[in-house]
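Structure record follows, encoded as structure tokens.
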Amino acid sequence: MTIPRALARSAAAIVFVFPLGALAQPADRTSEADARFRRGVELYKEADYGAALTEFRRAYALVPAYQVLYNVAGACYQLRDYACALRAFERYLTDGGAQVTADRRGEVQKDIAVLRGRVATVAVSTSVPDVEIAVDDVPAGRTPLSEPLLMSAGRRRIVAAAPGRPAVTRVIDVAGGDQVALRIEIPEAPPPQAAVPGPRLAAAPPPEQPGAPVDRSPRRELRVPVLPWIATGALAAGAAVTGVLALGASSDLGAALGAFPGDARAIERERTRTATLALTADLLAGAAVLVGGVSLYLTVAGGGAERVGAARPSSPSIRAAIAPSSFRLLCTF
């Protein structure tokens, strides 16, 4: 296929003989089309075929001269877009008609024969009408399509998008000369989602009206009973310290029992001290548990809640009396 050499020769001629003035287009459109066409020729010679194709298409959109289609076909061919090249060549012969010389027509018809072996036709249909079809991200029309789509051989990505419905993508592999029928089922539109209510804000209290009665009743305020919890902590600390002393006394008792010869008075003294400290530690621990339960009850049951501005009741009082052989706990609520 001799498109690259023929395109360079054709471009050099078209730059000078392109009949822009004969198309009776506005001067600004004609001059812009001429500038874009010349820029496309320069880009093509520099092998920047994508940019050259864009310039050729812009020039043709401004002034639809059939000669530009030949350049479009050459750029598409260099980009391996054989379907684009085939469409441009066929349009070139159709629009040019008798203006295309016999030599050029014969050359283009040979190129068309080669390109037909590199394209496939795909008849695309959808389950619902008015679906936008795109091939490799290029729009190809809406269903029902008037004719099968012309695609270059290879892997093609077809996207069907219907208004309000999920888009469907199909990837197919086509070879030159294939004739494929592709049916695309379009899913139903998803049901509308119910609006999620936002967080409800508490309404602001209405402003006081002049002369309206004002509620001046005392408000309730939570008051934690501090003294019972302090007593609980003190009793627990005392139980811990007394327990440590009891362990020390037990160690001293063991040492006295292991001494030889033994001292009966020392053994009895250590035995009494150990028993007293152990009993005291047990009593203090029990008292800590008891007072802790009372403190918890007062806190949870709301015994510590009072009204602001009301007379405060007397705080609970707890007194403990500890002796070597007895323990007394006096509570007043």
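Residues that are without any contact (Cβ under 8 Å) to a residue 24 or more places away in the chain and open to solvent by 60 Å² or more (accessible area, probe 1.4 Å) are absent from the stretch 114-128 altogether.
Inside the stretch 128-179, can you point out the residues that are closer than 19 Å to Asp81 by Cα and β-branched (Val, Ile, Thr)?
Let us first name the residues in the stretch 128-179 that are closer than 19 Å to Asp81 by Cα, namely 133-141, 148-159, 171-179.
Residues satisfying the conditions are Ile133, Val135, Val138, Ile158, Val159, Val171, Ile172, Val174.
Summed over the stretch 71-87, residues that are out of contact with any Cys (no Cβ under 6 Å at 6 or more places or on another chain), closer than 19 Å to Ala59 by Cα and buried (at least 21 other Cβ atoms within 10 Å of the Cβ) total 6.
Residue-wise test of (1) assigned to a strand (DSSP E or B); (2) surrounded by 10 or more Cβ atoms within 10 Å (Cβ to Cβ); (3) on the phi > 0 side of the Ramachandran plot; (4) at pLDDT 95 or above.
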| residue | (1), (2), (3), (4) |
| --- | --- |
| Pro163 | no, no, no, no |
| Pro166 | no, yes, no, no |
| Asp173 | yes, yes, no, yes |
| Gly177 | no, yes, yes, no |
| Pro187 | no, yes, no, no |
| Pro192 | no, no, no, no |
| Ala195 | no, no, no, no |
| Pro199 | no, no, no, no |
| Ala203 | no, no, no, no |
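Within the stretch 161-176, residues that are over 13 Å from Val131 (Cβ atoms) sit with their Cβ atoms under 6 Å from residues that are open to solvent by 70 Å² or more (accessible area, probe 1.4 Å), at 6+ positions apart or across chains, in these pairs: Val171/Arg157; Asp173/Arg155; Gly176/Arg118.
Annotation for the stretch 104-113: no member residue is more than 23 Å from Gly40 (Cα to Cα), more than 33 Å from the chain's Cα centre (by Cα) and crowded, with 19+ Cβ neighbours inside 10 Å. Is the stretch 138-147 home to any residue that is in contact with a Leu (Cβ under 9 Å, 6 or more places away or on another chain), touching a residue at least 12 places away in the same chain (Cβ under 8 Å) and either among the basic types (Lys, Arg) or open to solvent by 60 Å² or more (accessible area, probe 1.4 Å) (or both)? Within the stretch 138-147, not a single residue is in contact with a Leu (Cβ under 9 Å, 6 or more places away or on another chain), touching a residue at least 12 places away in the same chain (Cβ under 8 Å) and either among the basic types (Lys, Arg) or open to solvent by 60 Å² or more (accessible area, probe 1.4 Å) (or both). Is there a residue in the stretch 257-279 that is surrounded by 12 or more Cβ atoms within 10 Å (Cβ to Cβ) and touching a strand residue (DSSP E or B) at 6+ places or on another chain (Cβ under 9 Å)? Within the stretch 257-279, one or more residues are surrounded by 12 or more Cβ atoms within 10 Å (Cβ to Cβ) and touching a strand residue (DSSP E or B) at 6+ places or on another chain (Cβ under 9 Å). For the subset of the stretch 7-54 comprising residues that are charged (D, E, K, R) and farther than 23 Å from Gln99 by Cβ, which member is modelled with the lowest pLDDT? Among those that are charged (D, E, K, R) and farther than 23 Å from Gln99 by Cβ, it is Asp28.
The values are calculated or read from the model by the stated rules, or taken from the named source; none is laboratory data. Since this is a predicted model, take the numbers as computed values, not measurements. Reconstructed Cβ throughout: ideal geometry from the backbone, glycine too, with neighbour counts over all protein chains shown. SASA here: full protein model, heavy atoms, side chains in, ligands and nucleic acids out. Shrake-Rupley method; radii C 1.70, N 1.55, O 1.52, S 1.80 Å.
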